[in-house]
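First up is the structure itself, then whatever we jot down about it.
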Ligand code: NDP
């Protein structure tokens, strides 16, 4: 039984902490710290009600490294699970280095003043983590996270090489609001308004945001329009699948979402450049995030499924020529809400965060240094993920994707 310290108390953290409490044989003691302690207390209360387990709560500004170091020294956890925002990745990694404790997150570091999703800041910690004899696991959510594990599962069991890979992320849920994001609005809007980038013949090719669209029939959802965009796992996948010729990421958006986002963008509300308002400096996107519905408030009303997966084409392992496989998970918003009080976007991130943590705490995934999901054995992770509510299905397609 291990002691774990979770940072952040949003939707993803709520799911992860509930699922940790449901696996008390691995997560013997759960400590939860965030900027707003009342949010930690609300999660602890729900966990107690649903599972009978106690969660200890604390207030912390995770960007204050000395305060983080003090908290880690006080609790002495085996692992720090960072479910705050990408801006806090580096200070939390610094605190883990100083205290010699393992680290896990679900999103790569992003500077506040630049919408740049890149791993190099965190990869630069590799040697220091290695020397300290500790492990960091990066991106243990769904995408990034499970999508990379899906790709590596195909590479282990079906394909000798992966020539072409498409990640398809469909949220078919309807929350009944005119415009809302299903996870942190600031991070979500920064992501979708950034230029699209995909991997092609050894380099990233940049194209305008939302410039490429296709329609795909998603099982459990129906036909939906998906747009090509940049997503951080393309960087690690292109590194760890060196033969990859083309890698792309697609996300579905409804017409209403696009319409609202276009207007907000046109009037400057999605900008991350500070402006002066009544003598005070504000960042338009942060102000917008403050007035939008809180993602955690959408759980109760969201109906429908998510369907996230990977389509990969390459040379079959059994020597039968080029083959194409589709591996995916379908998750119900209603079932996710019933189990943890959160909708499926938080669920599909929080469960893999718990499973990644379990892999580290049980020693099934281990190493000294900074690691991406692609570097680990996909089998024990996907086995546990299925048992914990997110099973996968895999099928062979009769041809490579034609979009
Ligand atoms: P939320 O905004 O709901 O929650 C973030 C939490 O972090 C809040 O409780 C917030 O505190 C806390 N926080 C923010 N700044 C600090 C700080 N300086 N110190 C301590 N706590 C802080 O986000 P989500 O739960 O939706 O997402 C959590 C993470 O998961 C994000 O990094 C997101 O990018 C990632 N994610 C990853 C996905 C994947 O598939 N890999 C998918 C979806 C999300 P407060 O309550 O005070 O604001």
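Mind sorting 187, 311 by how few other Cβ atoms lie within 10 Å of their own Cβ, fewest first?
187, 311
Between residue 54 and residue 267, what FRET efficiency comes out of the Förster formula 1/(1 + (r/R0)^6) with R0 = 60 Å and r the beta carbon distance, rounded to 0.05?
Efficiency, rounded to the nearest 0.05: 0.80.
Under the rule a/c < 1.5 gives rounded, and otherwise a/b versus b/c splits prolate from oblate, where does segment 63-196 land using the Cα gyration tensor?
oblate
On a full-extension model of 0.36 nm per residue, what is the gain between residue 130 and residue 243, subtracting their alpha-carbon distance, rounded to one decimal in nm?
Result: 37.9 nm gained on full extension.
Can you order the peptides 280-288, 243-251, 152-160 by their average number of other Cβ atoms within 10 Å per residue, highest first?
The peptides rank, most packed first, as 243-251, 152-160, 280-288.
With a point put 7 Å past each Cα toward its Cβ, work out how far residue 212 is from residue 24 in nm, to one decimal.
5.0 nm
Given the rule -39500 (n - 2.57) for each run of at least 4 DSSP H residues, summed and divided by the residues of the chain, what is its mean residue ellipticity at 222 nm, to the nearest 500 deg cm²/dmol?
Here the helix-only value at 222 nm equals -10500 deg cm²/dmol.
Quick check on the chain: of the DSSP beta bridges with both residues there, what percent are antiparallel, nearest 5%?
Approximately 60 percent, going by the DSSP bridge assignments.
Rank 268, 389, 100 by mean-square fluctuation in a GNM of the chain with C-alpha springs under 10 angstrom and give only the top-ranked residue.
Highest fluctuation among the options: 268.
Which FRET efficiency value, to the nearest 0.05, do you get for residue 257 and residue 334 by plugging their Cβ-Cβ distance into 1/(1 + (r/R0)^6) with R0 = 25 Å?
In this case the efficiency is close to 0.75.
Considering segment 2-138, what Rg and Dmax in Å follow from its alpha-carbon atoms?
That works out to 14.4, 43 Å for Rg and Dmax.
Which ordering of 109, 87 is given by a fewest-first count of other beta-carbon atoms within 10 Å?
Listed from fewest to most nearby Cβ atoms, that is 87, 109.
Can you put 337, 230 in order of Cβ neighbours within 10 angstrom, beginning with the fewest?
Fewest to most other Cβ atoms nearby, the residues stand as 337, 230.
Under a GNM of the chain (C-alpha, springs under 10 Å), which listed residue has the highest mean-square fluctuation: 365, 123, 199?
The residue that fluctuates most here is 123.
Using a Gaussian network for the chain with springs between C-alpha atoms less than 10 Å apart, which of these wobbles most: 94, 377, 318?
Maximum fluctuation in the GNM of the chain, among the listed residues, is at 318.
If you take the square roots of the eigenvalues of the alpha-carbon gyration tensor of the chain and sort them as a ≥ b ≥ c, do you get rounded (a/c under 1.5), prolate (a/b over b/c) or oblate?
rounded
No value in this document is a laboratory result; all are computed from the given coordinates. Just so we're clear, the structure is a prediction, and the values are computed from it rather than from any experiment. All Cβ positions, even for glycine, are placed from backbone atoms using ideal geometry, and neighbour counts span all protein chains on display.
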